[in-house]
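The values are calculated or read from the model by the stated rules, or taken from the named source; none is laboratory data. For clarity, every value in this text was computed on a predicted model and none was experimentally measured. A quick note on method: Cβ atoms are made from the backbone with ideal geometry, for glycine too, and the neighbour counts reach across all protein chains shown.
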Number of protein chains: 2
Amino acid sequence: MHKPAPPTFPPAPLTLTSIAKLKAAGVRAGIKASGNPDVALLVADTAVAGAALFTQNHFAAAPVALSKAHLLRSGGQVRAVVINSGNANACTGLQGEKDALEMCERVAKALACPVEQVLVCSTGVIGQKLPMDKVRTGIDAALAELGSDVEAGRRFLSAIMTTDAYAKEACVQADGLTVAGVCKGAGMIEPNMATMLAFVATDATLRAEQLARALPRIAQQSFNAVHVDTHTSTNDTFLALATGTSPTGPGWEKPLAQVSHRLAWLIARDGEGATKVTTISVRGAATDADARLVARAVASSALVRTALFGNDPNWGRFVSQVGNVPQVRNPRGLRCLLQGIEVFKAGEPTAFDRAQASQAMRAEDVALELELSDGQGKAMVMTSDLGYRYVEVNAEYTT
Amino acid sequence: MHKPAPPTFPPAPLTLTSIAKLKAAGVRAGIKASGNPDVALLVADTAVAGAALFTQNHFAAAPVALSKAHLLRSGGQVRAVVINSGNANACTGLQGEKDALEMCERVAKALACPVEQVLVCSTGVIGQKLPMDKVRTGIDAALAELGSDVEAGRRFLSAIMTTDAYAKEACVQADGLTVAGVCKGAGMIEPNMATMLAFVATDATLRAEQLARALPRIAQQSFNAVHVDTHTSTNDTFLALATGTSPTGPGWEKPLAQVSHRLAWLIARDGEGATKVTTISVRGAATDADARLVARAVASSALVRTALFGNDPNWGRFVSQVGNVPQVRNPRGLRCLLQGIEVFKAGEPTAFDRAQASQAMRAEDVALELELSDGQGKAMVMTSDLGYRYVEVNAEYTT
């Protein structure tokens, strides 16, 4: 039984607090039974431009609905984000809504800012009421401990994590701009459906609308391209902030996209028992939407994902999933490459060296390319493989 | 590591050869490396009414395309079905088409019937040419060994099986009619995507059009309700024959549906490493189509299926998958019952005894009921659970 050790990645040199105007804190409030840090706070010296994408799940948690409303009311002006881990405040009814609001109000009062400039995120078990005594104490402690050094940023990161096997952060400096980001989430496939939370900040000078327009594009090549399961959680949130201390040219979106892509990769890599990230690229579909259907059909297949785990160049599984997508127009036009090795073309398998292909699959990054001849549509999806530990982690009785 | 022994089921008292006019054979032709039977033949004394449903996969195998064409040309008149296992004759190009036709021609010549009255099915590895010398010898041997006793029917069944853990057959006698059926397939999730083949026969007196109209209805409550993966194979075939020796009233469809449902259940139960069949029933969706979307979303989730394997009454996973279906209109109206125990209602979990619910999940048949309040739409899906052995079987390098 393969039990790969969890991977380790060196910390990024910069984190959220490396962005001018941002302070952060992470404290232990006792929400998590483990005693690990569980209340995090991110505060800007003054309100900054912010935009966010939230889960589309019908059972979106109370903090998601509230943060969405706050962003709308403030016109994308964000002063602070308060986060608790250990409890998702989802499926908690009216009390959950009150608790989320109280978290924002407590921070707004301390900062003397309008409540709609404070956003809130929660992550953890669902269906349980927040232990508000602990949350209040935690928020007060976080307010008292805000810092602008890298260590404060690291404490923030540790307080948003749940079952993550490792801390996830990324940064890019380019064209005089700095972008740094952190996130939590493990392939979106945690026991109890733990959440993806991602916070990306830049010192670029941007209007909130510019960020809001860019975010869907960025997400499509990053967090929305992580497809380990069809599950999206009740709490998924992707927030971007621009603190506006650096003059900004037209190239500002690229480093934001790079940081987001790296964070998403780190999430895919942290699927339970995953041994690699497979990037499925579809080209030549009739439209981008059709390409996404194909990529997601392949990525969502347990058969495909177990073959990836087993380093099995099983072209039949990849091809048959493409064949299951009604929108494919010319199936005979399919060409399939695995780590650059052509394995299928024109309706028949290519004569390729299976042992060599299998060996090539033993990598941190595996590329599965699917070329169609239907048009110019393209899409990309990152998926983790499915191994024994996935079953072990997910089958275990949760109480 | 749970390694449940494969289940066993008593043989049905009747099989295909119990239906008047039908003879069968199953022989060893050496197509399978194991030496197990691999050529099967079903012959009617005269042409009988037949109808079939085939895979929708774009890479449908040569025998699928040919059988479809033959049924069309013959107007649903079927004299014989020839099947080989061990090789799917899929992704085999022009040679594959020629080989499928030659199989039909050889049988048609021996029976002195039009070639379009002969159908052909193949199942096994894909992407390899049929060893036609062996296939020819096998067909001749099967023609010579045709028998009408139960043993001949059993030999037929053993020759269509591939990685099935047990033989799958079912029969019903009602209203003076006999219906018997056999099938092969293990949750449609085999290594190399082996096929589902199902053959159901009745002595009812029916026109081919009557069978053809009923088949989609029957499949929706049986073979099309088996949802272990999103994969459908290149070769899936469901064939029904009516030999016309018994006078037939309006109730003929029900026993056909019952036999088909039982066969489909046996396929779901044979998912690799499966320990049970979970029937997901959705009621109260806006339409039947929406109900199917919900049922399939829940059934296709690896998170849901690992929870079922672990006897974990993890309502969060079921509910969140319902929440991911955009067509759900009133998510607050969702009620969720597991083995009759209410676990979720009106946006919040019910206070239920988790240990008792977990115990109730340790059964051959598990019922997961999802009640919506959007309308009258309903749907049913059967799924197997996902355990360690699924990974083991599917991750293993296939050469």
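Restrict the check to segment A:240-257 and report whether at least one residue is within 14 Å of chain B (Cβ to nearest Cβ) and surrounded by fewer than 21 Cβ atoms within 10 Å (Cβ to Cβ). No, there is no match, as no residue in segment A:240-257 is within 14 Å of chain B (Cβ to nearest Cβ) and surrounded by fewer than 21 Cβ atoms within 10 Å (Cβ to Cβ). Taking segment A:332-371 as the range and being touching a Lys or Arg at 6+ places or on another chain (Cβ under 7 Å) and assigned to a loop (DSSP other than H, G, I, E, B) as the test, the residues that pass are A:A346, A:G347, A:A363, A:E364. Within segment A:86-95, one or more residues are free of Cβ contacts under 8 Å to residues at least 12 places away in the same chain, surrounded by fewer than 22 Cβ atoms within 10 Å (Cβ to Cβ) and not hydroxyl-bearing (S, T, Y). Does segment A:312-326 hold any residues that are closer than 16 Å to A:S281 by Cα, out of contact with any helix residue (DSSP H, G or I) (no Cβ under 7 Å at 6 or more places or on another chain) and either free of Cβ contacts under 8 Å to residues at least 12 places away in the same chain or not β-branched (V, I, T) (or both), and which are they? The one that is closer than 16 Å to A:S281 by Cα, out of contact with any helix residue (DSSP H, G or I) (no Cβ under 7 Å at 6 or more places or on another chain) and either free of Cβ contacts under 8 Å to residues at least 12 places away in the same chain or not β-branched (V, I, T) (or both): A:W315.
Comparison of B:A264, B:A289 shows that the only residue that is in the same structural domain as B:Y388 (by TED's automatic domain parsing) and small (G, A, S) is B:A289. Those helices (runs of 4 or more DSSP H) of segment A:217-327 in which 1 or more residues are of a type in the set (S, T, Y) and closer than 28 Å to A:Q359 by Cβ occupy A:302-309, A:315-323.
The condition of being assigned to a strand (DSSP E or B) and in contact with a strand residue (DSSP E or B) (Cβ under 8 Å, 6 or more places away or on another chain) holds for only one of B:A47, B:A100, that being B:A47. Consider A:G375 carefully, then state whether it is more than 9 Å from chain B (Cβ to nearest Cβ), out of contact with any helix residue (DSSP H, G or I) (no Cβ under 7 Å at 6 or more places or on another chain), in contact (Cβ under 8 Å) with a residue 40 or more places away in the chain and not charged (D, E, K, R). The answer is yes for A:G375.
Checking A:A264, A:A307 one by one, the residue that is crowded, with 21+ Cβ neighbours inside 10 Å, free of Cβ contacts under 8 Å to residues at least 60 places away in the same chain, touching a Phe, Trp or Tyr at 6+ places or on another chain (Cβ under 9 Å) and of a type outside the set (F, W, Y) is A:A307 and no other. For segment B:321-361, the set of residues classified as over 24 Å from B:R292 (Cα atoms) and within 9 Å of another protein chain (Cβ to nearest Cβ) consists of B:R354, B:A355, B:S358, listed by residue number.
Taken over segment A:22-80, the criterion of being in contact with a Ser or Thr (Cβ under 8 Å, 6 or more places away or on another chain) and charged (D, E, K, R) is satisfied by A:K23, A:K32, A:D38, A:R79. Could you check, for segment B:191-208, whether at least one of its residues is touching a residue at least 12 places away in the same chain (Cβ under 8 Å), part of a helix (DSSP H, G or I), farther than 19 Å from B:T55 by Cα and of a type in the set (A, V, I, L, M, F, W, C)? Yes. Give the residue that is farthest from the chain's Cα centre (by Cα), with candidates limited to residues of segment B:277-320 that are of a type in the set (F, W, Y) and facing chain A (nearest Cβ under 8 Å). The extreme case among them is B:W315.
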